[in-house]
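Asker: One structure follows; several queries about it will come next.
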Amino acid sequence: EPQSEDNAMSLSRHARARILYRRVCKTLFDYSSSRAVWGQFIKEAREKFEANKDITNEKKIDKLLDEGYAWVKANQHPDPYRIPENPGGSKYQRNVPPDREIVETHS
């Protein structure tokens, strides 16, 4: 059964809210000194999301989402946490094995 346009819009808003929540969590993690502090930040953020979950006015939802994305953009950490082994991390490509061709030539 094809989804109605209204249902597709609500799914889109739901997806935007879910992505916003993940970005808020990551932004708060960048500013946290420990997991315990981050957990408290997440609890406060979750309470704000939960307080607005029953809003049905589409304009109000869009406004809240836009404000949330603006907050994330304004509060991005200048030096965000990166997983060490991922690109941009301190261990990325550390001790990379030499090319096979080089090993065979010098063996």
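The values are calculated or read from the model by the stated rules, or taken from the named source; none is laboratory data. Quick caveat: nothing in here was measured; it's all calculated off a predicted structure. We place every Cβ from the backbone using ideal geometry, glycine too, and count neighbours over all the protein chains shown. The area values use the complete protein model at the heavy-atom level, side chains included, leaving out ligands, DNA and RNA. Shrake-Rupley method; radii C 1.70, N 1.55, O 1.52, S 1.80 Å.
Asker: Tell me, which residue of the range 1-32 that is open to solvent by 50 Å² or more (accessible area, probe 1.4 Å) and assigned to a loop (DSSP other than H, G, I, E, B) is modelled with the highest pLDDT?
Answerer: TYR31
Asker: Another one. Within the range 33-53, can you find the residues that are part of a loop (DSSP other than H, G, I, E, B) and not polar (S, T, N, Q)?
Answerer: Within the range 33-53, just LYS53 meets the criteria.
Asker: If you don't mind, there's one more thing I want to ask. Could you count how many residues in the range 54-73 are not polar (S, T, N, Q) and not in a helix (DSSP H, G or I)?
Answerer: Step one: filter the range 54-73 for residues not polar (S, T, N, Q), giving 54-55, 58-73.
Now narrow it down to the ones that are not in a helix (DSSP H, G or I): 54-55.
The total comes to 2.
Asker: For residues in the range 74-102 being acidic (Asp, Glu) and part of a loop (DSSP other than H, G, I, E, B), which is farthest from LEU28 (Cα to Cα)? Give the steps one after another, and end with the answer.
Answerer: We begin by selecting, within the range 74-102, every residue acidic (Asp, Glu); these are 79, 85, 99, 101.
So of that shortlist, the ones also part of a loop (DSSP other than H, G, I, E, B) come out as 79, 85, 99.
Values: ASP79: 13, GLU85: 21, ASP99: 40 Å.
The residue in question is ASP99.
Asker: Residues TYR69, TYR81: which one is at pLDDT 90 or above, surrounded by 10 or more Cβ atoms within 10 Å (Cβ to Cβ), within 26 Å of the chain's Cα centre (by Cα) and of a type in the set (Phe, Trp, Tyr)?
Answerer: Working: TYR81 fails: at pLDDT 90 or above.
Every option except TYR69 fails the conditions.
Asker: Does THR105 satisfy the criteria of being of a type outside the set (D, E, K, R), over 17 Å from the mean Cα position of the chain (by Cα), at pLDDT below 85 and open to solvent by 90 Å² or more (accessible area, probe 1.4 Å)?
Answerer: Details: of a type outside the set (D, E, K, R): yes; over 17 Å from the mean Cα position of the chain (by Cα): yes; at pLDDT below 85: yes; open to solvent by 90 Å² or more (accessible area, probe 1.4 Å): yes.
Yes: the conditions hold for THR105.
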